[in-house]
Amino acid sequence: MFEHGNIQWKENYGHELKTINDNGRKYVTPEGKFSSVTTILGHRDRYKWARWRKQIGAEAANRITRHATTRGTKVHAMAENYLNNEQINLKEEMPHHVQSFNVIKEVCDKSVGKVFAQEVPLYSIDLKTAGRVDCIGEFDGELSIIDFKTSGRIKEADEISNYFMQECAYAHMFEEGTGTPIKQLVTIMVVDGDPKPIVFKEKYETWIDKLREEIAYYYNDIK
């Protein structure tokens, strides 16, 4: 059973945000419409993905994307329910989804302590971006942004800088909303068919400047 803690939000920080589709996903915050952090961080690579779709064809691209999206959604939901101490009927789930969940479960049982929030929308006036964080909780005894990722192959740290910047953004948003800093960023990656989890630990200060650069690139490019 996981212990759950409460978050003390700043008085004027609104954390129930509506999303809209307006040239990418945007969150409607008390300070205006902010582009989602995933939209911002994916902006530079949009042409690469367009070329990929053209190379393999729309049908194949849609099939691969649908498989990845379904897997990610299912595994995230099971992980969220598990950390909420809810009963999960694994017999109703696809075997490869269960396999991925069990890998994440092993990491959570070993390293996750008190859980403070899951799937909470956050925003930053300073960064002019918003998003929905997977989990805020203790990981190996330290308050952390915890992100669950599914993948079709093993990825190295230098391939997933966007993951770390995304988590850095959530840490920045959380500090704006609560006054509490989060210095540790944790990515729990599970690869299809691989029984071993891949866990990356990064520091907020390592990524904040690069994150600001990517946000500046995005807003300058869409002008």
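Collect the residues in the range 104-131 that are touching a residue at least 40 places away in the same chain (Cβ under 8 Å) and closer than 23 Å to residue 215 by Cα, keeping them in residue-number order.
The answer is 120, 121, 122, 123, 124, 125, 126, 127, 128, 129, 130, 131.
Counting residues that are open to solvent by less than 50 Å² (accessible area, probe 1.4 Å) and either modelled with pLDDT under 75 or touching a helix residue (DSSP H, G or I) at 6+ places or on another chain (Cβ under 7 Å) (or both), which helices (runs of 4 or more DSSP H) fully inside the range 13-85 reach at least 1? Give the derivation first.
Values: elements: 37-42, 46-56, 58-83.
In the range 13-85, 37-42, 58-83 are the helices (runs of 4 or more DSSP H) which contain 1 or more residues that are open to solvent by less than 50 Å² (accessible area, probe 1.4 Å) and either modelled with pLDDT under 75 or touching a helix residue (DSSP H, G or I) at 6+ places or on another chain (Cβ under 7 Å) (or both).
Which residue out of 176, 205, 213 is free of Cβ contacts under 8 Å to residues at least 40 places away in the same chain, within 20 Å of residue 128 (Cβ to Cβ) and of a type in the set (D, E, K, R)?
Just one listed residue meets the conditions, 213.
Yes/no matrix, rows are residues, columns are (1) out of contact with any Ser or Thr (no Cβ under 9 Å at 6 or more places or on another chain); (2) under 14 Å from residue 78 (Cβ atoms):
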residue	(1), (2)
98	yes, yes
103	yes, yes
110	yes, no
115	yes, no
121	no, no
127	yes, no
137	no, no
148	no, yes
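Provide a single number: the residues in the range 112-142 that are part of a strand (DSSP E or B), among the aliphatic types (A, V, I, L, M) and more than 16 Å from the chain's Cα centre (by Cα).
1
Answer with yes or no whether residue 188 is touching a Lys or Arg at 6+ places or on another chain (Cβ under 8 Å), among the hydrophobic types (A, V, I, L, M, F, W, C) and either under 16 Å from residue 79 (Cβ atoms) or modelled with pLDDT of 95 or more (or both). Quick ask: steps written out before the conclusion?
Details: touching a Lys or Arg at 6+ places or on another chain (Cβ under 8 Å): yes; among the hydrophobic types (A, V, I, L, M, F, W, C): yes; either under 16 Å from residue 79 (Cβ atoms) or modelled with pLDDT of 95 or more (or both): yes.
When the stated conditions are applied, residue 188 passes them.
Taking only pairs six or more apart or across chains, which ones have beta-carbon atoms under 6 Å, a first residue in the range 137-157 that is open to solvent by 50 Å² or more (accessible area, probe 1.4 Å) and of a type in the set (Asp, Glu), and a second residue that is part of a strand (DSSP E or B) and at pLDDT 95 or above?
Partner pairs satisfying both residue conditions: 138/113; 138/114; 142/184.
When you scan the range 159-175, do you find a residue that is within 23 Å of residue 79 (Cβ to Cβ) and open to solvent by 60 Å² or more (accessible area, probe 1.4 Å), even just one?
Scanning the range 159-175 turns up at least one residue that is within 23 Å of residue 79 (Cβ to Cβ) and open to solvent by 60 Å² or more (accessible area, probe 1.4 Å).
How many of the residues making up the range 143-165 are among the small types (Gly, Ala, Ser) and part of a strand (DSSP E or B)?
2
Inside the range 164-208, can you point out the residues that are of a type in the set (Asp, Glu), within 14 Å of residue 150 (Cβ to Cβ) and in contact with a helix residue (DSSP H, G or I) (Cβ under 7 Å, 6 or more places away or on another chain)? Let's see the steps before the verdict.
Within the range 164-208, the subset of a type in the set (Asp, Glu) is 167, 175-176, 192, 194, 202, 205.
So of that shortlist, the ones also within 14 Å of residue 150 (Cβ to Cβ) come out as 192, 194.
Across the range 164-208, the qualifying residue is only 192.
Quick grid of which residues meet (1) under 22 Å from residue 27 (Cα atoms); (2) among the aromatic types (Phe, Trp, Tyr):
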position: 103; (1), (2): no, no
position: 119; (1), (2): yes, no
position: 131; (1), (2): yes, no
position: 163; (1), (2): yes, yes
position: 181; (1), (2): no, no
position: 197; (1), (2): no, no
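The values are calculated or read from the model by the stated rules, or taken from the named source; none is laboratory data. Note that the coordinates shown come from a computational prediction; the quantities given were computed from them, not determined experimentally. Cβ atoms come from the backbone with ideal geometry, glycine included; neighbour counts cover every protein chain shown. With ligands, DNA and RNA removed, areas are computed over all heavy atoms of the protein, side chains included. Shrake-Rupley method; radii C 1.70, N 1.55, O 1.52, S 1.80 Å.
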